[in-house]
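The values are calculated or read from the model by the stated rules, or taken from the named source; none is laboratory data. Keep in mind it's a predicted model, so treat the numbers as computed, not measured. Cβ coordinates were reconstructed from backbone atoms using ideal geometry, including for glycine residues, and neighbour counts include every protein chain displayed.
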C-alpha cells in the first residue's frame, strides 16, 4: 500500500511567509525614526558635537544644556507645493510619485561624564552641519579662604 504525505514545507506556505516578512520589513523601513548622524570629540577643555542636518531650517533647531546633558532637537519641514511653485515658476508643483525624504521632528541627547559649562555652549549651523562646542565645567579641588578676625 502506498501512503502519500503532504510535506509541512509546501511552496505556498513559504511564499506566504516570505510575503509577510517583506511587508513587515517595508513597514519598519518607512516608519523607522531617523536621527541625524553625529560625531562627538573630546579635548582637554571640552567637547565638540557635529550633526548632519541637511534641509533643516536654522530657526527650527533647538539646543538646550543642563549640568551634564545636551539636548538637540529640530524639525525638517516638507516644502508645500504652493511654496515651491511660487519660487520656481507659476505652475503648481505635482505631488511626488515617490518620496524617500524624512520629515518631522526628532531629538537627540548627549550625557557627558563630567559637568559642562552650560552658559558657554556655542552652536554654529553652516552648510547642513550643526557644530556645538561644549566647554567642560571648571572644578576646583581646593579653595583658599581668607580668615578674618
Among what's in region 25-53 and is part of a helix (DSSP H, G or I) and surrounded by fewer than 10 Cβ atoms within 10 Å (Cβ to Cβ), pick the residue that is modelled with the highest pLDDT.
28
Residue tally, condition closer than 22 Å to residue 118 by Cβ and in contact with a helix residue (DSSP H, G or I) (Cβ under 8 Å, 6 or more places away or on another chain), over region 30-77
4
For region 118-136, give me each residue that is in contact (Cβ under 8 Å) with a residue 60 or more places away in the chain, touching a strand residue (DSSP E or B) at 6+ places or on another chain (Cβ under 6 Å) and either outside any strand (DSSP E or B) or over 21 Å from residue 57 (Cβ atoms) (or both).
133, 134, 135, 136
Within region 72-95, considering residues that are loosely packed, with under 10 Cβ neighbours inside 10 Å and modelled with pLDDT of 80 or more, the one nearest to residue 134 (Cα to Cα)
95
